[in-house]
1. Quick check: from the Cα gyration tensor, does the stretch 13-82 come out rounded (a/c under 1.5), prolate or oblate?
2. Please give the peptides 25-32, 68-75 ranked by average Cβ packing (other Cβ atoms within 10 Å per residue), highest first, as a rough proxy for protection.
3. For GLU79, what accessible area in Å² do you get when you roll a 1.4 Å probe over the heavy atoms of the protein chains, rounding to the nearest 10?
4. Per residue, how many Å² of accessible area does the stretch 13-82 show with a 1.4 Å probe?
5. Using 1/(1 + (r/R0)^6) with R0 = 41 angstrom and r between the beta carbons of ARG75 and TRP52, what's the FRET efficiency to the nearest 0.05?
Amino acid sequence: MDKEQKHKGRLTPIVEGANELSVGISIVVAVLLGIGIGIGLEHLSGAKWTFWLGVVWGIGAAILNLYKAYKRQQRQAQELANNPRYTYKPAQSESKKIDDSDDEEDSLSGKYY
């Protein structure tokens, strides 16, 4: 069991990298599948507009793939931001308290000197 978890942990970055590389490929595949469906519908029905219906479906699927990849990246960035290892909390010394009004004004205005 421990060996499987260790093995899974090593492959996780590879799988995540493959997901990000596949976004571009999935766009092309979605549009090509839409065009293929449009051609098939055109041959079945004889109506020229069904080809464009397939193209629209393919473009819609490509946009949906982009949206899902964006949401996945946004979720991963939020998890990273919430990780205590990467948060910045300045150390407060016992001799100096935050009660000084000048320090609060400087920190609110963005001046740190």
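The values are calculated or read from the model by the stated rules, or taken from the named source; none is laboratory data. Being a predicted model, the structure only gives us computed values, none of them experimental. Glycine also receives a Cβ, built like all others from the backbone with ideal geometry; neighbour counts cover every protein chain displayed. Heads up: the accessible areas ignore ligands, DNA and RNA and are worked out on the full protein's heavy atoms, side chains in. Shrake-Rupley method; radii C 1.70, N 1.55, O 1.52, S 1.80 Å.
1. Working: a/c = 6.20, a/b = 2.94, b/c = 2.11.
Prolate, since a/c reaches 1.5 and a/b exceeds b/c.
2. On the way: 25-32: 15.2, 68-75: 12.1.
Top to bottom by mean Cβ count within 10 Å: 25-32, 68-75.
3. 120
4. Numbers: 5070 Å² over 70 residues.
So the stretch 13-82 comes to 72 Å² accessible per residue, rounded to a whole number.
5. Numbers: r = 35 Å, r/R0 = 0.85.
Efficiency for this residue pair is about 0.75.
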